1. In debye to the nearest 20, how big a dipole does segment 1-63 give about its Cα centre with +1 on each Lys and Arg Cβ and -1 on each Asp and Glu Cβ?
2. Return the sequence-ordered ³J(HN,Hα) values of segment 176-184 in whole Hz as given by the Karplus equation 6.51 cos²θ - 1.76 cosθ + 1.60 applied to θ = phi - 60°, using x for Gly and Pro.
3. So between Leu222 and Arg200, what do we pick up on full extension, going 0.36 nm a residue minus the alpha carbon distance?
4. Taking θ = phi - 60°, what integer Hz values does the Karplus form 6.51 cos²θ - 1.76 cosθ + 1.60 yield along segment 33-38, in sequence order, with x for Gly and Pro?
5. Nearest 0.05, what FRET efficiency do Arg186 and Asp42 give at R0 = 22 Å with Cβ-Cβ as r?
6. By counting other Cβ atoms within 10 Å of each Cβ, how are Ser122, Ser40, Ser227 ranked from fewest to most?
7. Can you sort Met34, Met4 by how many other beta carbons sit within 10 Å, fewest first?
8. Any chance you could run the full-extension gain for Asn162 through Leu25? It's 0.36 nm times the residue separation minus the Cα-Cα distance, nm to one decimal.
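Where a number appears in this text, it was derived from the coordinates with a stated rule and is not lab data. Just so we're clear, the structure is a prediction, and the values are computed from it rather than from any experiment. For neighbour counting, all protein chains shown are included, and Cβ atoms are generated from backbone atoms with ideal geometry for every residue, glycine included.
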Amino acid sequence: MVAMATVLVTGATGFIGRRLVPALLDAGHDVRAMTRRPDSYDGPGEPVGADVADRASLDAALRGVDVAVYLVHSLDDPDFERKDAEAARNFSAAAAGAGVKQIVYMGGLGDDDDDLSAHLRSRREVEHLLGGDGVPVTVLRAAIVVGHGGISWEITRQLVKNLPAMVVPKWVHTRTQPIALDDVVRYVVGVVDHPDAIGRVFEIGGTEQLTYLEMMEVAGELINGRSIPIVTVPVLTPRLSSRWLALVTDVDATTGRNLIDSMSHEVVVKDTSIRDVVPGEPLSYRESVRRALAEREAAGA
């Protein structure tokens, strides 16, 4: 039986964080929801104010914490690599000073020996920096997380919803392994304070390896009741792709470009050892999409 812990969740109001906090509470943990604006926090858990960019602010937030879940990134900033590295160094030092036993980090899938994109390269750097002061880090590496409000999923949803047809770059034929938000939350809760997860890197994904084209086709069927015509072109640069995304979706060009840079890399699960620690069959992509659409409808979006 895994002992209950005091868990700090950074990014508690974000895409994953706002689903994770109640799940950790349901599992019996004491949860601190870290946010830069604790006075306006209206979710579950104990709100604590801190900013990963402000080293001094982290000490009080981490005092007495057993496990810290790190869900912070700066993809919407052109200088995100430097900012994310600095934030990880701050958090590592503060966590070590507070005697934190484990940091859980959501990283990105991809082979280390690939010529990684800036986005994936930054995720790898943060993995290492978070453990730089001796706190064991548990890394969960994922590709696209499918859930209402997720940036990568929103790109897919808005494209197939807003366009009668698409001209897309050749990277749509790259394979990826999307995962449902429900499964991400289940895995994070499962590794928190779990002795078999300390200091390990896990790859997590859904049941299928799909190309981005296949993902858009399935999403189109579920959203529109039909597939939309899609034509690939040999050359469409990341800069042009990101401007196109900004035109037809509400994802800003900087975030879009940082994500698009990663889409030429195949990111699939090759190691399924997470199932030894957190048993259970993940959801299919089709079911992931259904749940994301149902949550969007329930939210009145």
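1. Details: 7 positive and 8 negative charges, 30 e Å.
The calculation lands at about 140 debye.
2. Whole-Hz 3J(HN,Hα) from phi for segment 176-184: 9, 9, x, 9, 6, 4, 4, 6, 4.
3. Details: separation 22, 0.36 × 22 = 7.92 nm, distance 3.67 nm.
That pair, Leu222 and Arg200, stretches by 4.2 nm at full extension.
4. 9, 7, 8, 6, 10, x
5. Efficiency for this residue pair is about 0.35.
6. So the residues, fewest neighbours to most, are Ser40, Ser227, Ser122.
7. On the way: Met34 32, Met4 14.
Taking fewest neighbouring Cβ atoms as first place, the list is Met4, Met34.
8. On the way: separation 137, 0.36 × 137 = 49.32 nm, distance 3.79 nm.
Value of the extension gain: 45.5 nm.
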